[in-house]
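Taken together, the values in this text are just the output of simple stated rules run on the coordinates, not laboratory data. The model shown is predicted, which means the values in this text are computed figures rather than measured ones. Virtual Cβ from ideal backbone geometry, glycine too; neighbours counted across all protein chains shown.
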C-alpha cells in the first residue's frame, strides 16, 4: 500500500504543475467541450508513458545494478531543480490562466489539439519516462502497486481538473493563487527528494 501511495503522490505532484496541457484541459472544462474525451486522452497517454518508464528502467537495472544509484541521484537532482523552479515561479510569476472560450471547435480539432499538447510536450517525457521510471526502481516487489498508483493519479487529476474547471477558474484568475500553487509544488518536490536520499 505504501508503494501505491508513493506512486500516486509522486504522479500527482508532477502533473500538478500547470502547463499548456493542463491549461487546455481547463479551457475545455470551462467550455464543457468534449471534456470526457480530453481527460481520457491525457490520462491514457500518461499511463502508456508511465508503464514504458517503469518497465524500461526495471529491465535495465536487472542487468546493470550501478544504474540504480546513478538514476536515483539524477532523480534527486531533477526534483531539487524542479522544486527550485517552482519556488522561483512562486515569488516571481505574475501570470493568470487567461483562457478564452472557443465553442466552435469540432471533436476532431479538440482531439488533435489535445494530442499535440500531450505528446509534443518534452516535460511529459522527463516526468513519466525519466523521473517516475527512476523512482520506481526502489520499489522492487511492489513495482506494480507503485505503477498503478502513478497511473491512477493521472486519471484522478485530469478528470478532477476537467470537471471542476468552472469552480477553479475564478480562483486561478488571481496571481496569488498561482504563487501558492507553485510554492506547494516546490515543497512537494523537496520532500520527495529528501525521501530518496
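A few remarks follow.
- Once the mean of 1/r is taken over each pair of separate Cα atoms and inverted, the stretch 98-197 shows a Kirkwood hydrodynamic radius of 16.6 Å.
- Sorted by Cβ density within 10 Å, fewest first, the residues 1, 189, 184: 1, 184, 189
- Helix 175-196 and the long axis of the chain differ in direction by around 10°, with both axes built from C-alpha atoms.
- Acute angle (nearest 10 degrees) that the helix 143-163 long axis makes with the longest principal axis of the chain, alpha-carbon atoms: 10 degrees
- Simple label model, 7 Å out from Cα along Cβ direction - residue 174 to residue 120, nm: 3.5 nm
- For the chain, the longest principal axis of the C-alpha atoms and the axis of helix 35-63 are separated by about 10°.
- Relative contact order (percent, whole number), the stretch 2-196, Cα cutoff 8 Å, 6+ residue spacing: 51 percent
- Order of 174, 179 under a 10 Å beta carbon neighbour criterion, fewest first: 174, 179
- FRET efficiency, 1/(1 + (r/R0)^6) with R0 22 Å, evaluated for residue 36 and residue 156 via beta carbons: 0.90
- Pairwise Cα inverse-distance average, inverted: Kirkwood Rh of the chain (Å): 17.3 Å
- Packing-based exposure ordering (other Cβ within 10 Å, fewest first) of 85, 166: 166, 85
- Highest-fluctuation residue, 14, 167, 181 considered, GNM on the chain with Cα pairs under 10 Å: 167
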